[in-house]
Amino acid sequence: MEKIDLTKLHKKYYTAKTTPEIVDIETARYVSILGKGDPSSEAFSADIQLLYPVAYAIKFSCKEAGQDFAVSKLEGQWWYDEQKFGKPTMSEAPQKVPRSAWEYRLLIRLPDFVDEKMVNSAVASVTSKKNIPAAARVHFFEMTEGKCVQMLHVGAFTEEPASLQKMLDFMQAKGMSQNGLHHEIYLSDFRKTAAEKLKTILREPFKTT
């Protein structure tokens, strides 16, 4: 049985240059969990730990059915309450909005043959058989980002505003404005990788103004 590697199958999705570029992102399916708060908090780590058992339960179920795949990279969408914090630019937001107020959707991409019923079945299995009731917060999610500006950020998360400013300058020069949620794909395991060596794809959906 050949194991599907989504990072190779969807190479365009999982690769980026160190300078801003325009990409068109296809519809994709994910296992997902919603949360709020500082990404360095225990609650954020706990949400990650809820997501992976479900992702692996889906993998093992698919493997038994003859369709094995490698569990892919962790991703996250980030936003905040604009009525409360206004609309700082995308490069200013990480510094002006308190980390405790950040809202997020953590994601792991799934093969296209995985549907909502399969995800729900895996969630039920993890909550009952593995006795992890909080895993009931994990759910199926599908989105089409469409046209985006993206860039590979190398370094600490705290240094992302510099890369975001480059993306903002690029977008403004081409008459673009944001058209969706800030999206990050964590190519490195930030629990094990030195901050200066982290590789993160930063992605911003846009529309032409």
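The values are calculated or read from the model by the stated rules, or taken from the named source; none is laboratory data. In this text, all values refer to a predicted model and were calculated from it rather than measured experimentally. In this analysis, Cβ positions are derived from the backbone assuming ideal geometry, glycine residues included, and neighbour counts consider all displayed protein chains. Surface accessibility is based on the protein's heavy atoms, side chains included, excluding ligands, DNA and RNA. Shrake-Rupley method; radii C 1.70, N 1.55, O 1.52, S 1.80 Å.
Quick notes on this one:
- The trypsin sites (Lys or Arg not before Pro) of region 96-133 meeting both criteria, a DSSP state outside H, G, I, E and B (loop) and at most 14 other C-beta atoms within 10 angstrom of the site's C-beta, are Lys129, Lys130.
- Cα gyration tensor shape of region 9-68, rounded if a/c is under 1.5, else prolate or oblate by comparing a/b with b/c: oblate
- Taking other residues whose beta carbon is less than 14 angstrom from the beta carbon of Lys117, and scoring Lys, Arg as +1 and Asp, Glu as -1, yields -2.
- Across region 87-99, computed HN-Hα scalar couplings (Karplus, 6.51 cos²θ - 1.76 cosθ + 1.60, θ = phi - 60°) run 10, x, 5, 4, 7, 8, 3, x, 9, 9, 9, x, 4 Hz from first to last residue, x flagging Gly and Pro.
- For Pro53, net neighbour charge (Lys/Arg +1, Asp/Glu -1) across residues whose Cβ lies under 13 Å away: +3
- Quarter of the Cα convex hull surface for the chain, i.e. its orientation-mean projected area (nm²): 11.9 nm²
- Solvent-accessible surface of protein heavy atoms, probed at 1.4 angstrom with all chains present, puts Glu160, Glu82, Glu26 in the order Glu82, Glu26, Glu160, largest first.
- Spin-label model distance (nm) - Leu34 vs Thr208, 7 Å beyond Cα toward Cβ: 3.4 nm
- Among the listed pairs Lys96/Lys192; Lys59/Lys117; Lys73/Lys147; Lys63/Lys192; Lys17/Lys197; Lys36/Lys199, those with a Cα-Cα distance over 25 Å are Lys96/Lys192; Lys63/Lys192.
- For the chain, the fraction of 1.4 Å probe accessible surface lying on carbon and sulfur atoms is 51 percent.
- Paired Rg and Dmax values of region 1-118, which use every Cα atom, in angstrom: 16.8, 52
- Global geometry of region 125-209, whether rounded, prolate or oblate, following the gyration tensor of its Cα atoms and the 1.5 cut on a/c: oblate
- In the context of the full set of protein chains, the chain has a per residue accessible area of 52 Å² (1.4 Å probe).
- Spin-label model distance (nm) - Ala173 vs Thr18, 7 Å beyond Cα toward Cβ: 1.8 nm
- Annotation: aspartates and glutamates with alpha-carbon distance below 17 angstrom to Lys12 (same-chain offsets under eight excluded): Glu21, Asp24, Glu26, Glu75, Asp112, Glu145, Glu184, Glu204.
- FRET efficiency estimate (nearest 0.05) - Cβ-Cβ, Ser41 to Lys130, R0 30 angstrom: 0.80
- Modelled label positions at Lys3 and Val154, each set 7 Å beyond Cα in the direction of Cβ, lie 2.8 nm from each other.
- Over the Cα atoms of region 112-175, the radius of gyration divided by the Kirkwood radius equals 1.23; this is the Rg/Rh ratio.
- Here the 3J(HN,Hα) profile of region 15-26, calculated from phi with Karplus coefficients 6.51, -1.76 and 1.60 at θ = phi - 60°, is 10, 7, 8, 7, 10, x, 8, 9, 9, 10, 9, 6 Hz, Gly and Pro shown as x.
- Calculated log₁₀ intensity ratio I(q)/I(0) where the Debye formula runs over C-alpha points of region 76-150, q = 0.24, 0.25 Å⁻¹: -1.09, -1.14
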